[in-house]
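The values are calculated or read from the model by the stated rules, or taken from the named source; none is laboratory data. Quick caveat, the model's predicted, so the values are computed rather than measured. Every residue, glycine among them, receives a Cβ derived from its backbone with ideal geometry; neighbour counts consider all protein chains shown. Accessible surface is based on the protein model in full, side chains and every heavy atom, while ligands, DNA and RNA are left aside. Shrake-Rupley method; radii C 1.70, N 1.55, O 1.52, S 1.80 Å.
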Amino acid sequence: MLGRRQKQEKWMLLAPAMFVLALITLVPLANTLWLSFTDTRITAIATPVHFIGLENYVYALTDPDFQAALYRTLYFTIVSVGLEGVLGIAVAVLLNQPFRGQLVLRALIILPWAVPTIVNAVAWRLIYQPDYGALNSLLYQLGLISDYRSWIGDPSTAMNMVILADVWKNFPLVAYVALAALQTVPGDLLKAAAIEGAGPWKRFRSITLPWIAGPLLVVMVLRTIEAFRVFDIIYVMTSGGPADSTKTASFFIYQEYFNYLRSGSGASYAVLVAGISAVLILAYYSVAKRQAAGGTA
Amino acid sequence: MKAIKKLVLGSALATLAMASTALADTTLNALFMSQAAYSEDDIKSMTAQFEAANPGVKVSLEFVPYEALHDKIIAAAGAGDDGYDVVLFDVIWPAEFATGGFLTDVSDRIPAAYTDEVFEGAWTTVEYEGKRYGMPWILDTKYLFYNTEILAEAGISEPPKTWTELMTQARQIKEKGLVEYPLVWSWSQSEAMICDFTTLTAANDGKFFDAGEPAFTTGGAKDAVTFMKATLDEGLTNPASREYFEEDVRRVFSNGEAAFALNWTYMNALANDPKESKVAGKVKVVSAPGVEGKSTASSVNGSMGLGIPANSPHADEAWAYISFLTQKDIQDDYAKLSLPIWKASYSEPKVMEGQEDLIAAAKESIAVMYPRPLVPSYTEVSDILQKNIHQVLLDQAGVDEALEAAAERVKRIR
Amino acid sequence: MPENPILCIDKLQKTYGDAPILKDIAISMDPGEFLVLVGPSGCGKSTLLNCISGLTDISSGSITIAGRDRTHAEPADRDIAMVFQSYALFPNMSVERNIGFGLEVRKVPEPEKKSKVADVAKLLKIEHLLQRKPAELSGGQRQRVAMGRALVRDPELFLFDEPLSNLDAKLRVSMRTEIKRIHQTTGASIVYVTHDQIEAMTLATRIVVMKDGVIQQIGTPNEIYNRPVNAFVADFMGAPSMNLMKGTATRQADGIRLEIPAPQGSTIELTDHDTDPDRLPAGPAEVLIGLRPEAMTDRARADGRSVQVADCVLDVVEPAGADTYAVVHLGGTEAIVRLSADAPVAAGQMTPIAFDLSRISYFDVSSGTRL
């Protein structure tokens, strides 16, 4: 146990860092929170500001467009992160097997993740182009479609195509974490399971997966939080269209702020999105605690 | 002793004088658009001329896509002295910018004589509640471009005068198998679509608002949307139009894959340029058609102006730059991609040369330019209309249903 | 060939690339036997065990378990259970689930599985640990759980891969007894790998001594100990190991005359009356003479005509409690003699040593094979 003197020293040493942390996180947070209770607008001239309580929140939550956007964001998050998880683990399992060129492939796999989001979005837009895009060309040549068609211009497919582009960019992160975790699995455990009669799938489910669950969970939480706040890839690929089918919750923040110049209202949307993210984080946290302590069968 | 004193004093003053001239070297930050109207090269050469005529003033140019213009202007408002000194703004923004105090009132800087020398439609670009917030610079509207070769092969001798006639001609072209989709538009969920919608609404004598209330659920506006949907249903409009912007329209038309297209002035020069277009020399332009009994031609006011952000520390130099760019001689020199704001220009030989049909069309179209709602919340109104009309075009909602929903939502704007 | 061997390995070879790991292995094991594979590191004993289990492929040969050819069968289809050196307990499962895992995979009904696990837990005295996780157990407890997992499925063959190596010395001894007791109670057929020759000697019904991928000798502990088939086996098994002394053997009418060089040019002369002289080459030949320390003792224990006495100089004297060991330079090697605990001896002293020649072994000097 630290003596009293040492405890004081500890806090004194931490103080500068905590001060900076507070400055860059707590101050903007408090400011945003305050803004959300007012009717502030962005103007170049001084305008009177009124305190309007929860009016912004009521407006946001009763807006059917925002509700729809929340569902869409949830859909995006679940499908995108889910696919990243499955694809990432599958690729990691493959890369864990010894084969020729394994090291080269392991290095190449990181490339999609290294590409900036904007660049990735623009590249996929070109692939999805209805008149000369590579996707249409490929599917047509494989005989899977009879005509070139629109992908991100069609509200029934736009969201899924954006998800595809997002999964492509982000699955390498999951793959790398999973691969590192897979390499820590003791060989003896898998041998023992094999002798007990467990086939590859049972071994994976009962031995490997629980073993790598810890680090996997961390990266999935990270991805979930990021996915829920998704904005840039959608802005570049579809600008929220067609017919709002790819408009997610973060868009409302952007719209209220920059398009409609309602900073008070924008702040309320921001607080809502942050709040829901916090709920997601807490949910993950409790699952992770349960995993670490008891472990699920 | 006296001589030396004089020498020292003299040189000190001389140094000071030189220093102050050096201090007078200003750099202006100017924000322009990177597509449609004047090309980047045009603007760079105009600017070079200005710098040559005004030593001590330099202009740093920035080009962004139209879609980013609004947000950049807003964001720079908070940049204090480091923001922009000159910005290009769209005709739909003065209401919003004036209310928010983003632009400087320059009514006093504009000579009174200009009011008559410049087109009325150009002045609406910069006016709000009786004050002027800039100089009009780009006088633009959308014209109907048509491919003379395709029309000739279809046996059509004259371009359509009404929208109904356009449909008929398109049907003929399609039936003859000359082009799969004779019509191509910029109907992505964006302002570009609203421009087309406005053109059609104007043709049908429709209104956006009536005494402050949404009036687009009936009458001309509804007819406009119905027309747009009908061309899609009949297979006359290229379905990919629902993803297109103006550049896509130009590309498709220049490839010979469309017979008719609605686009801005700039497409005329480029569609007739063999380096940019496969149909060079086969392109003609007329005013967008009217509707029988309601109009003879239709056009949307798509003009843009140059203004000075309120936070600029170089208002005088900025105004000098704006005056230079908007003067008649400069506008006449660069009249191929954007037509001048000055009435007298339209009889100048160097303006008319090589684009007589454009000038003729312009005279007609500029006279009937129709504005989009001049309200401070226009951006939000446009977003709502965009989304709902797009749903109609994508077959997700009926015309009435969508326009009603839009009206409801518009009423809720705060 | 005995009838119905539980394990039959025939002409097994394993090469890894170009390097041969196992050469021409042939083993036949009866049900209920405790077969120990022993040898120095790198001899291939663990590899052989992995081949038997099916975790490693073989290059040629055949493996038959319980009468069925399993050469190409998956580990799960060989009716075997294995206990690993690291125990290989599944960390995310309870002890009960660990033990019952094999039954769970084979979809054995819940009540049957529960009762079988309970029985085995009782046998190994770990019933009170069933709900714990492996991380909460001591080394010895984990060892029992690993054995429990192997026992619960009642397979035809048990494979143990150095299971006691991770335990401390005292625990090792008690677990060794435990394993022997379980073998006696259950009558299981066990193949056991160890590098510890004491474990081999105490646990095995038969021992397989290996070196460099080749089987040196298969035999009962007694056979291995008293009649090692070559100098390597003689030296490897038993602690302290058998003394191998270079000497000259001459065939005579009444026996074999042995001359063993001692330090300072002297020679120890003994006559072996027990061994059949025809086993040795005619004429004086240089041989390796093998005698265990307990066959070279002080006079107090010697008797009979097999035992002959010669004086030797003791180099180092090591009192070891129950006995005293002394190093004697004979036949070019440091031979160890075992003296009684209270023998009045000191280093450097010349002492009469009694050689029990009934226990003698002869080996060829160059090849090391038994003569």
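Heavy atoms of chains A and C lose about 1700 Å² of accessible surface on contact, summed over both sides with a 1.4 Å probe. Label-to-label distance for A:Asn160 and A:Asp147 is 1.9 nm, based on points extended 7 Å past Cα in the beta-carbon direction.
Among A:Leu209, A:Leu94, A:Leu21, the largest mean-square fluctuation in a Gaussian network model of chain A, built with springs joining Cα atoms closer than 10 Å, belongs to A:Leu21. Close amide H partners of C:Leu159, meaning residues 5 or more places away or on another chain with modelled amide H under 5 Å apart, are C:Ala81, C:Met82, C:Val83, C:Val191.
Could you compute the FRET efficiency for C:Asp154 and C:Asn226, with r as their C-beta to C-beta distance and R0 at 35 Å, rounded to 0.05? If you can, show how the numbers build up before the last one.
Details: r = 36 Å, r/R0 = 1.03.
FRET efficiency, C:Asp154 to C:Asn226: 0.45.
In deg cm²/dmol, rounded to 500, what helix-only [θ] at 222 nm does chain A give when every DSSP H run of at least 4 residues adds -39500 (n - 2.57) and the total is split over its residues?
Working: 15 runs with 201 residues, N = 297.
Value at 222 nm, helices only: -21500 deg cm²/dmol.
As a calculated quantity, the FRET efficiency between B:Glu40 and B:Lys343 at R0 = 25 Å, using C-beta atoms, amounts to about 0.35. Compare the Cα positions of B:Gly78, B:Trp93, B:Tyr66 along the charge dipole of the range B:11-159 (+1 at Cβ of Lys, Arg; -1 at Cβ of Asp, Glu; about the Cα centre) and return the one farthest towards the positive end. The Cα lying farthest towards the positive end belongs to B:Gly78. Label-to-label distance for A:Ile281 and B:Ala152 is 7.0 nm, based on points extended 7 Å past Cα in the beta-carbon direction. Sorted largest first by accessible area at a 1.4 angstrom probe radius, with every protein chain in place, the residues C:Thr202, C:Thr351 fall in the order C:Thr202, C:Thr351.
Among B:Asp82, B:Asp25, B:Asp383, the largest mean-square fluctuation in a Gaussian network model of chain B, built with springs joining Cα atoms closer than 10 Å, belongs to B:Asp25. Residues of the range C:211-228 falling in the label zone of C:Thr369, defined by backbone nitrogen less than 19 Å from a point 7 Å along Cα to beta-carbon, are C:211-219, C:224, C:227-228. Short-range pairs are left out: with C-alpha atoms under 8 Å and at least six residues apart, the relative contact order of the range A:1-96 is 14 percent.
Computed over protein heavy atoms with a 1.4 Å probe, the carbon and sulfur contribution to the accessible area of chain A reaches 71%. Using the 1.4 Å probe convention, the accessible area of the protein assembly as shown works out to 45 Å² per residue with neighbouring protein chains retained.
A simple spin-label model places the labels of C:Thr333 and C:Lys122 5.2 nm from each other, with each point 7 Å out along Cα-to-Cβ.
Apolar share of the accessible surface for chain C: 49 percent from carbon plus sulfur atoms, 1.4 Å probe. Between the beta carbons of B:Lys161 and B:Lys350, assuming R0 = 25 Å, the FRET efficiency works out to 0.25 to the nearest 0.05. Among B:Tyr266, B:Tyr334, B:Tyr114, determine the one that fluctuates most according to a GNM of chain B built with springs between C-alpha atoms less than 10 Å apart. Comparing B:Tyr266, B:Tyr334, B:Tyr114 in a Gaussian network model of chain B, the most mobile one is B:Tyr114. Comparing each chain alone with all protein chains together (probe 1.4 Å, DNA, RNA and ligands left out), the residues of the range C:87-116 losing at least 50 Å² of accessible area are C:Phe90, C:Asn92, C:Phe101, C:Val105.
Mean per-residue shielding of peptide A:39-46 is 5, counting Cβ atoms of other chains within 10 Å of each Cβ.
When the helices of chain B are scored as -39500 (n - 2.57) per DSSP H run of n ≥ 4 and the total is divided over every residue, the value at 222 nm lands at -13500 deg cm²/dmol.
Listed values for the range A:68-83 are Karplus-derived 3J(HN,Hα) couplings in whole Hz (6.51 cos²θ - 1.76 cosθ + 1.60, θ = phi - 60°), namely 4, 5, 5, 4, 4, 5, 4, 4, 4, 4, 5, 5, 5, 5, x, 5, and x replaces Gly and Pro.
Calculate how many DSSP beta bridges within the range C:7-236 are antiparallel, expressed in % of all such bridges and rounded to the nearest 5. Walk me through the numbers before you get to the answer.
Values: 19 of 36 bridges.
Here the antiparallel bridges make up roughly 55 percent for the range C:7-236.
Pairs exceeding a 28 Å alpha-carbon distance, out of B:Lys207/B:Lys336; A:Lys289/C:Lys116; C:Lys14/C:Lys170; C:Lys14/C:Lys125; B:Lys44/B:Lys275: B:Lys207/B:Lys336; A:Lys289/C:Lys116; C:Lys14/C:Lys170; C:Lys14/C:Lys125. Against the criterion of solvent-accessible heavy-atom surface with a 1.4 angstrom probe, C:Leu7, B:Leu7 sort, most first, into B:Leu7, C:Leu7. Along its principal axes, the range B:22-92 has C-alpha extents of 37, 29, 17 angstrom, given from the largest down.
Tell me the carbon and sulfur percent of the accessible area for the range B:102-224, rounded to whole percent, probe radius 1.4 Å.
On the way: 2200 of 4750 Å².
Heavy-atom surface of the range B:102-224 belonging to carbon and sulfur, 1.4 Å probe: 46 percent.
When only alpha carbons are used to place a centre, the range A:1-22 and the range B:196-250 end up 66 Å from one another. Here the 3J(HN,Hα) profile of the range C:111-124, calculated from phi with Karplus coefficients 6.51, -1.76 and 1.60 at θ = phi - 60°, is x, 5, 4, 4, 6, 5, 4, 4, 4, 5, 4, 5, 4, 9 Hz, Gly and Pro shown as x. Between the alpha-carbon centres of the range C:210-256 and the range C:42-105 there is a gap of 34 Å. Every pair of different Cα atoms in chain A enters the Kirkwood calculation, which places the hydrodynamic radius at 22.7 Å. Each Lys and Arg contributes +1 and each Asp and Glu -1, all at the Cβ; summed about the Cα centre of the range C:7-236, the dipole is approximately 620 debye. Between the range A:190-229 and the range B:278-333, how far is it from one alpha carbon centroid to the other, in angstrom? Computed from Cα coordinates, the inter-centre distance equals 62 Å.
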